[in-house]
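Structure first, commentary second.
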Amino acid sequence: MVVELPVYKIIMQKIKNYINGELIIPQAGKYLDNIEPATGEVYSLIPDSDESDLALAVIAAENAKSTWANTSTEQRAQVLCKLADLIDSHADRLALAEAIDNGKPVTLAKDVDIYRAAANIRFFAHAGTQFASESHAMEDVAINYTLRDPIGIVGCISPWNLPLYLFTWKIAPALAAGNVVIAKPSEVTPMTSYLFSQLCIEAGLPQGVLNILHGTGPNIGSPLVVHPKVKAISFTGGTATGAHITRATAGLFKKLSLELGGKNPTVVFADCDFEDTVTTVVRAAFANQGQICLCGSRIYIERSIYKRFKQAFVTRVAQIQIGDPLAKETQHGALVSKDHMKKVLSYIELAQNEGGIILTGGKQRQLTGRCEKGYFVEPTVIENLDNNCRTNQEEIFGPVCTIMPFDNDAQALALANGTQYGLAASIWTNDLKRAHRMAKNIEAGIVWINCWLLRDLRTPFGGVKSSGVRREGGLEALRFFTEPKNVCIKY
Ligand code: NAD
């Protein structure tokens with residue numbers, strides 16, 4: 001059953017920037033096509049913003065800066081909670097918009113993306129009121145206390161895979177800590193951040209506190225990161241873009257938080273709870289069409305259960321229901337864009353050239369009717385590849401995983417750590433000592449034992465190696481978005 005289409009899907013809509021509390025058209029009047037990935041059709045237009053739009057946003061943010069910084073945390077929390085409530089009350093509409101814009105199943109959008117967007121805002125609204133600073137007594141000589149002031153104007157740049165979820169994950173702590181924000185959502189999935197800007201107006205967020213500029217990395221992302229008035233950048237996206245931003249801001253003394261790509265290992269030991277493991281490892285590999293930075297795309301299985309696990313896993317993957325993202329029964333929707341689909345298909349071809357054997361999937365899926373021109377790729381499982389081949393080393397960020405056997409703990413650890421990435425890992429075992437040992441030695445910012453994507457928003461979130469610099473989440477985010485100042489008082 002396909003849900004009813006919203007008005008903006010029927011009447012071509014021009015998305016607007018949100019600057020100084022108002023929805024306005026881009027200064028240069030230029031737009032980009034916004035394509036629905038499930039149909040391949042242009043369904044709305046996105047501002048192709050540039051430095052002239054950024055200049056307006058900087059003026060608005062500058063004007064709002066001191067009032068917002070001096071607004072009590074309690075009052076900031078009140079307006080943020082109102083915003084979270086509005087997301088909840090518009091959850092169906094936002095989920096539908098996310099599914100249309102991104103290609104993800106509408107049920108996933110509602111249960112994960114939109115639910116988490118509201119939860120992010122509510123969490124940081126409250127966390128802001130609980131944020132305390134440290135004091136350090138120097139015996140009978142002096143006492144130090146640390147002030148934590150907002151930074152001022154900060155830039156938040158987010159990707160397309162979890163559009164409103166990751167957008168709010170950044171702007172909520174920034175706002176709760178008293179900063180004013182210039183945010184740039186991905187140009188690939190702008191719709192829910194546009195609808196969100198309408199909710200900001202309804203919630204009574206003061207003018208200029210949050211400004212949302214739509215457009216491309218080169219035209220608006222680049223000017224934003226180097227703007228002298230923007231003192232911190234919180235970025236989530238690809239590792240190559242993160243490296244580019246690091247180079248572009250070198251010597252500008254900005255605070256940078258970078259959440260980058262992953263190539264996450266899933267390590268399955270013979271003593272795992274078999275059924276539970278198979279179920280969750282399937283989800284970990286293919287949720288959101290494999291387009292979650294935390295997806296486990298390299299699956300290592302202890303040799304003694306390799307055949308049994310492979311059979312059960314492949315059977316389950318082959319049953320994943322591919323379909324129109326707007327149909328409630330769909331489990332696997334479209335990839336986000338034609339370019340991304342081509343990239344994913346090229347990796348499937350590469351895997352075969354590298355000696356990989358496709359166990360299920362491997363092809364573009366042609367649907368009929370409304371979605372006949374959509375960007376659908378079958379959930380794909382590949383075996384017989386070496387850990388060092390490109391398929392196992394490079395982030396594909398799609399519905400493709402590899403499975404490989406291992407013989408002992410040391411080998412499993414070496415395989416899991418054998419890439420440039422270090423975002424997340426999941427380990428499946430009932431041996432407590434082994435679980436702790438693996439968790440300690442695995443090179444990742446996040447380790448799940450016998451679970452995946454179980455999230456407590458208070459915990460540090462982020463990666464090591466080429467997966468990122470710094471952490472988001474909980475107090476880490478509030479620390480990032482504040483400047484500590486130590487005051488030392490002699491007795
Ligand atoms: P991307 O790097 O292409 O784009 C991310 C954002 O950066 C977009 O808003 C884009 O417009 C902007 N951007 C691009 N070039 C820029 C530039 N030169 N200056 C400033 N901004 C620029 O990434 P993507 O394709 O949108 O997202 C997929 C990637 O994001 C994957 O690698 C995935 O692993 C990663 N990701 C990481 C996390 C995490 O928490 N570590 C979460 C989600 C996604």
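The values are calculated or read from the model by the stated rules, or taken from the named source; none is laboratory data. Computed from a prediction, not measured in an experiment: that's the story for all the values here. Positions of Cβ are backbone-derived with ideal geometry, glycine not excepted, and every protein chain shown enters the neighbour counts.
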- Filtered residues of the stretch 172-198 (kept if within 13 Å of the ligand (Cβ to nearest atom) and among the hydrophobic types (A, V, I, L, M, F, W, C)): 182, 183, 188
- Report yes if some residue within the stretch 239-262 is among the charged types (D, E, K, R), in a loop (DSSP other than H, G, I, E, B) and in contact with a helix residue (DSSP H, G or I) (Cβ under 9 Å, 6 or more places away or on another chain); otherwise report no. yes
- Message: Checking residue 349 against (1) over 26 Å from the mean Cα position of the chain (by Cα); (2) touching a residue at least 24 places away in the same chain (Cβ under 8 Å): exactly one of these is not met. Which one?
- Response: (2)
- Query: Among the residues of the stretch 432-453, which ones are within 15 Å of residue 412 (Cα to Cα) and either outside any helix (DSSP H, G or I) or in contact with a helix residue (DSSP H, G or I) (Cβ under 9 Å, 6 or more places away or on another chain) (or both)?
  - Reply: 434, 437, 438, 441, 442, 443, 444, 447, 449
- Query: What residue, of 227, 214, is within 14 Å of the ligand (Cβ to nearest atom) and either surrounded by fewer than 21 Cβ atoms within 10 Å (Cβ to Cβ) or aromatic (Phe, Trp, Tyr) (or both)?
  - Reply: 227
- Task: Answer with yes or no whether residue 236 is under 17 Å from residue 155 (Cα atoms) and modelled with pLDDT of 95 or more.
- Result: yes
- Only one residue in 386, 456 is under 22 Å from the mean Cα position of the chain (by Cα) and assigned to a loop (DSSP other than H, G, I, E, B). Which one? 456
- Of all residues in the stretch 208-230, which are β-branched (Val, Ile, Thr), in contact with a helix residue (DSSP H, G or I) (Cβ under 8 Å, 6 or more places away or on another chain) and touching a residue at least 60 places away in the same chain (Cβ under 8 Å)? 209, 212, 220, 225, 230
- Say whether the condition of being under 28 Å from residue 444 (Cα atoms) and in a loop (DSSP other than H, G, I, E, B) is met by at least one residue in the stretch 371-382. yes
- Taking the stretch 362-374 and the residues there that are out of contact with any strand residue (DSSP E or B) (no Cβ under 7 Å at 6 or more places or on another chain) and over 16 Å from residue 327 (Cβ atoms), the one that is surrounded by the most Cβ atoms within 10 Å (Cβ to Cβ) would be 373
- Note on the structure: Checked the stretch 315-334 for anything β-branched (Val, Ile, Thr) and within 27 Å of the chain's Cα centre (by Cα); matches are 317, 320, 322, 330
- Applying the selection to the stretch 231-254, what residues are near the ligand (Cβ under 8 Å from one of its atoms) and without any contact (Cβ under 8 Å) to a residue 12 or more places away in the chain? 240, 244
- Looking for whichever is touching a Ser or Thr at 6+ places or on another chain (Cβ under 9 Å), charged (D, E, K, R) and surrounded by fewer than 14 Cβ atoms within 10 Å (Cβ to Cβ) here; the options are 465, 485, 433. Which one fits? 485
- Query: Regarding residue 459, is this residue surrounded by fewer than 20 Cβ atoms within 10 Å (Cβ to Cβ), over 30 Å from residue 143 (Cβ atoms) and within 16 Å of the ligand (Cβ to nearest atom)?
  - Reply: yes
- Message: Checking residue 286 against (1) in the same structural domain as residue 163 (by TED's automatic domain parsing); (2) in contact (Cβ under 8 Å) with a residue 60 or more places away in the chain, only one condition comes out false. Which one?
- Response: (1)
- Task: Hey, could you check the stretch 325-349 for residues that are of a type in the set (Gly, Ala, Ser) and buried (at least 18 other Cβ atoms within 10 Å of the Cβ) and say which is farthest from the ligand (Cβ to nearest atom)?
- Result: 327
- Restricting attention to helices (runs of 4 or more DSSP H) lying wholly within the stretch 41-103, give those where 1 or more residues are touching a His at 6+ places or on another chain (Cβ under 7 Å), assigned by TED's automatic domain parsing to the domain that holds residue 223 and of a type in the set (Val, Ile, Thr). 51-69
- Message: Looking at the structure I just gave you, is residue 312 part of a helix (DSSP H, G or I) and under 21 Å from residue 375 (Cβ atoms)?
- Response: no
- Message: Need pairs with beta-carbon distance below 6 Å; first residue on the phi > 0 side of the Ramachandran plot and at pLDDT 95 or above and within the stretch 180-202, second assigned to a strand (DSSP E or B) and within 14 Å of the ligand (Cβ to nearest atom); sequence gap 6+ or separate chains.
- Response: none
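Which one of these is at pLDDT 95 or above, surrounded by 22 or more Cβ atoms within 10 Å (Cβ to Cβ) and under 20 Å from the mean Cα position of the chain (by Cα): 95, 127, 60?
Selected residue: 95, the only one of 95, 127, 60 that is at pLDDT 95 or above, surrounded by 22 or more Cβ atoms within 10 Å (Cβ to Cβ) and under 20 Å from the mean Cα position of the chain (by Cα).
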